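The values are calculated or read from the model by the stated rules, or taken from the named source; none is laboratory data. Note that this is a predicted model, so its numbers are computed, not measured. Glycine gets a Cβ as well: all are built from the backbone with ideal geometry, and neighbour counts include every protein chain shown. Note: accessible area is taken over every heavy atom of the protein model, side chains too, but ligands, DNA and RNA are not part of it. Shrake-Rupley method; radii C 1.70, N 1.55, O 1.52, S 1.80 Å.
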Amino acid sequence: IIPETFQLSHLPHYSIGGSIHLVTNNQIGYTTPQHLARSSRYCTDFAKVVNCPVIHVNGQCPQEIAQAVQLSCEYRDLFRKDIVVDLVCFRKHGHNELDDPTFTQPSMYKKVQEFYQQEQHADKELDDKIQAFRKHLEEQFANADAYQPKAPHLERQWSGIIQARLTRSQWNTGLDQNLLKYIGAKSVAVPEDFHVHSTIARSHVQKRQQRIEAGTGLDWSTAEALAFGSLLLQGYNIRISGQDVGRGTFSQRHGMLVNQKDDDVYIPLNAMDSKQGFLEICNSILSEEAVLGFDYGFSIHDPKNLVIWEAQFGDFFNGAQIIIDTYISGGELKFLTQSGIVMLLPHGMDGAGPEHSSCHIERFLQMTDSKEDGIDGDDVNMQIVNPTTPAQYFHLLRRQMIRNFRKPLIVAGPKILLRHPDCVSSLAEMSDSTHFLPVLTDNISKTKINPEKVRRVLFTSGKHYYTLNDEREKRKRDDVAIVRLEELCPFPADELRQETKKYKNAKEFIWCQEEHRNQGAWVFVKSRFENIVGIHLKYAGRDVLGTPAVAIGEVHQQECGQILKLAFD
């Protein structure tokens, strides 16, 4: 992560005007000596990538350390660039107080012991001061049990934000349709002398204008633009960061347009109103860990910033697993720092092979503190969703900022749904008094479903719904209902209970997913359906597999057919 961070240091959207890097260099990595720890001479040689100055200073010389740090502060303030201070020192006790470094570094620590023996007899006055200071530390340590620290995490710019409640809340995130039409038109408006690419003008600009005017057939990227624009008009700032996010991996977003005459970049959503917030579109370097770490830090600074990190494909997050494990999943529990960061992870078993299919939603579900035998509230450590309509995505983005607390949001995002003819929404679904629905009822099928006639209920999550619905229509099966879990965590137990009450004559309840049995949501939902909803689920999906997907197209198609047989036969 250190070389990745240096690569960020001079880049637009990631430069912070210079960092001072303090290296506490104990000269060993646990027990590993220098000649085995790196190929370069100094541990700071990464800094040479950006011609960053490095000051090596003896850690035993406090005056020299002070001079080095003073110089680095002045350099950073004058040039707004990075600088490194390498404190060459040692650990008195090795790796920790219980360690014995003489096991592996006997020569070095013989010198360390000699140094401390000389220091002990050098100055009685200094020794008295040390003893007095130790006594002060012991007294303060004895007082620690009675000390009640004040939580500082919801002050200053975070005032007005609260701790999430033990119950789940619902937020009205809809808007007036005329306002949505205004935002939609503005999202593709450009100056007269700006030359838009002819393909984008035809397939993106004109089509969006037509859909907005009609108020129907709104696709995923249009819903996103409406959510972005509405939040900007409410004074929030938005930062979307990642690889190719300006255009979008699948050429769907086009949030920033490039003038075909001079390569100038124009962001239409930044030109709606003089008092609006700011949309920052950050095409990142080919890094996950450092970039997601930077964006997490951005998100904990101010609750008025909607910060989004989008993976090029869903499984690319695995390059940033340390940031997710250490900060996103547990940051609030460990540090009291709330984060509303959104991770967009394109997901779907579309025959693309092992490395471009799954966002490993099972890993995120496993990291949540969702209750297996109790009711979840807003206080879960992360929200995990797999939305199936543009309107649902619109409400999720707006809910992330409108409510009075912040939680990370993990979105299993679409790939083929970006242009699926059935995956569209209307302005009415985003209008006043509408909101995100954790469970979606069976409402788009051409086959009319009478709840009294339903004998089998299929539960699913994500874009697999459209595959199941197409198959049901082909078979003309009006005895099968399909229920979508749009939100997996917090688990929507109440909504599921209400939904299943409709199907009083149902005999079979099946969880159907396109992921393999040891992946996807199956392991997560099975126990919760049984313990909380009171339903025993059967499984319809792929068998277990050691990779996210098979690599041969014919095998993939065979698996797809087998899933449908399990679901309907």
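Before moving on, here are some points about what is shown:
- Filter result for the condition that a residue is assigned to a loop (DSSP other than H, G, I, E, B), among the charged types (D, E, K, R) and open to solvent by 20 Å² or more (accessible area, probe 1.4 Å), over 429, 452, 473, 372: 372
- Residues within the range 528-549 that are surrounded by fewer than 13 Cβ atoms within 10 Å (Cβ to Cβ) and closer than 20 Å to residue 374 by Cβ, tallied: 2
- Some residue of the range 62-80 being under 29 Å from residue 31 (Cβ atoms), open to solvent by 90 Å² or more (accessible area, probe 1.4 Å) and modelled with pLDDT under 95: yes
- Options 509, 529; residue that is aromatic (Phe, Trp, Tyr) and more than 31 Å from the chain's Cα centre (by Cα): 509
- Filtering the range 266-306 to residues that are in a loop (DSSP other than H, G, I, E, B), polar (S, T, N, Q) and open to solvent by 60 Å² or more (accessible area, probe 1.4 Å) leaves only 274.
- Index of the failed condition, residue 503 passing every other in (1) of a type in the set (Ser, Thr, Tyr); (2) under 26 Å from residue 167 (Cβ atoms); (3) in contact with a helix residue (DSSP H, G or I) (Cβ under 9 Å, 6 or more places away or on another chain): (2)
- Residues (of a type in the set (S, T, N, Q) and open to solvent by less than 40 Å² (accessible area, probe 1.4 Å)) located in the range 455-470: 460, 461, 469
- Test: residue in the range 456-469 that is outside the structural domain of residue 253 (by the TED database), part of a loop (DSSP other than H, G, I, E, B), over 18 Å from residue 391 (Cα atoms) and at pLDDT 95 or above: no
- If you go through the range 402-426 and pick out every residue that is assigned to a helix (DSSP H, G or I) and surrounded by fewer than 21 Cβ atoms within 10 Å (Cβ to Cβ), you end up with 3.
- Candidate set: the range 202-224, residues that are among the hydrophobic types (A, V, I, L, M, F, W, C) and open to solvent by less than 30 Å² (accessible area, probe 1.4 Å); chosen: the one farthest from residue 183 (Cα to Cα): 220
- Candidates 262, 325: the one that is in contact (Cβ under 8 Å) with a residue 12 or more places away in the chain, out of contact with any Phe, Trp or Tyr (no Cβ under 9 Å at 6 or more places or on another chain), open to solvent by 40 Å² or more (accessible area, probe 1.4 Å) and more than 25 Å from residue 156 (Cβ to Cβ) is 325.
- Only a single criterion out of (1) open to solvent by less than 60 Å² (accessible area, probe 1.4 Å); (2) under 18 Å from residue 334 (Cα atoms); (3) free of Cβ contacts under 8 Å to residues at least 40 places away in the same chain is not satisfied by residue 153, namely (3).
- Search result, residues across the range 539-567 that are touching a residue at least 40 places away in the same chain (Cβ under 8 Å), of a type in the set (A, V, I, L, M, F, W, C) and not in a strand (DSSP E or B): 549, 550, 551, 560, 563, 564, 566, 567
- Residue 184 at pLDDT 95 or above, outside any loop (DSSP other than H, G, I, E, B) and surrounded by 15 or more Cβ atoms within 10 Å (Cβ to Cβ): yes
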